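Read the structure below first, then the notes.
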């Protein structure tokens, strides 16, 4: 079964500094990888995905993520954080050869300090 | 355009009551998912529909949980004889097409269920 680990509970970063949110995954086959963001009392919003091809994928709001097969990681990055980026971030994985189930990590709270 | 709509937004139920949670997916979306999100946790898969067919219900935690999508659009998640451990946010998501493995899910805002 597929699974995701997001090792940090909370990430604090000063506004304007680079932001990194870590994610590692486990699947039996090849992965489809996703990042979602959740604001208070809202559903999850899609940010970006890795399907195949270039290991660096770019998504919404200036976010990007790098797929690293050898380290089974898919870290989310943003070069310059904004206060409005403060939210809960979830990494998720599907097994390409498996079912349609999307497995989520426990989430990381990002706090951008003005 | 309209996104995924869930109702009610909040539901308080006394232990032992039955509840029904509604999901209106994006029009034309073939696939529909239900997830349960406990406080401070990531969403956990409950069940998956492709049109009206429930193809995977392996995540439903007990036989008190039942989901249906009779006409392949609106879906209802029913919980019978609610227990306190059922308290959570129930998220519905839809995606375009039946081959959904690489398609992002579009989530509703969820129904927050509190069982007292």
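Laboratory data are not the source of any read-out in this text; all were calculated from the coordinates shown. In this text the structure is predicted, and so the values were computed from the model without any measurement. As a convention, Cβ positions derive from the backbone with ideal geometry for all residues, glycine included, and neighbour counts pool all protein chains shown.
Below, the figures for the structure above:
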item: Estimated FRET transfer efficiency when R0 is 35 angstrom, pair residue B:7-residue A:14 (beta carbons, to 0.05); result: 0.30
item: Per-pair calculated FRET efficiency, R0 = 22 Å: residue B:38 and residue B:15 via Cβ, rounded to 0.05; result: 0.80
item: Normalised contact order of chain B, rounded percent, pairs of Cα under 8 Å and 6 or more residues apart; result: 37 percent
item: Peptide A:38-51, shielding by other chains (average Cβ, 10 Å cutoff); result: 5
item: Antiparallel %, DSSP beta bridges [both residues in chain A], to 5; result: 85 percent
item: Chain A: relative contact order in percent, alpha carbon pairs under 8 Å with at least 6 residues between; result: 38 percent
item: Pairs of Cα atoms farther than 15 Å apart, region B:41-108, %; result: 57 percent
item: Hydrodynamic radius (Kirkwood) for chain B, which is based on Cα pairs only, to one decimal in Å; result: 14.1 Å
item: Extent along principal axes [Cα atoms of the protein assembly as shown; Å; largest to smallest]; result: 49, 38, 34
item: Label-point gap, in nm, between residue B:71 and residue A:51 - each point 7 angstrom along Cα→Cβ; result: 3.2 nm
item: Separation of alpha-carbon centers, region A:91-114 and region A:15-71, rounded to whole Å; result: 8 Å
item: Chain A: Cα Rg divided by the 2.2 N^0.38 Å rule of thumb; result: 1.02
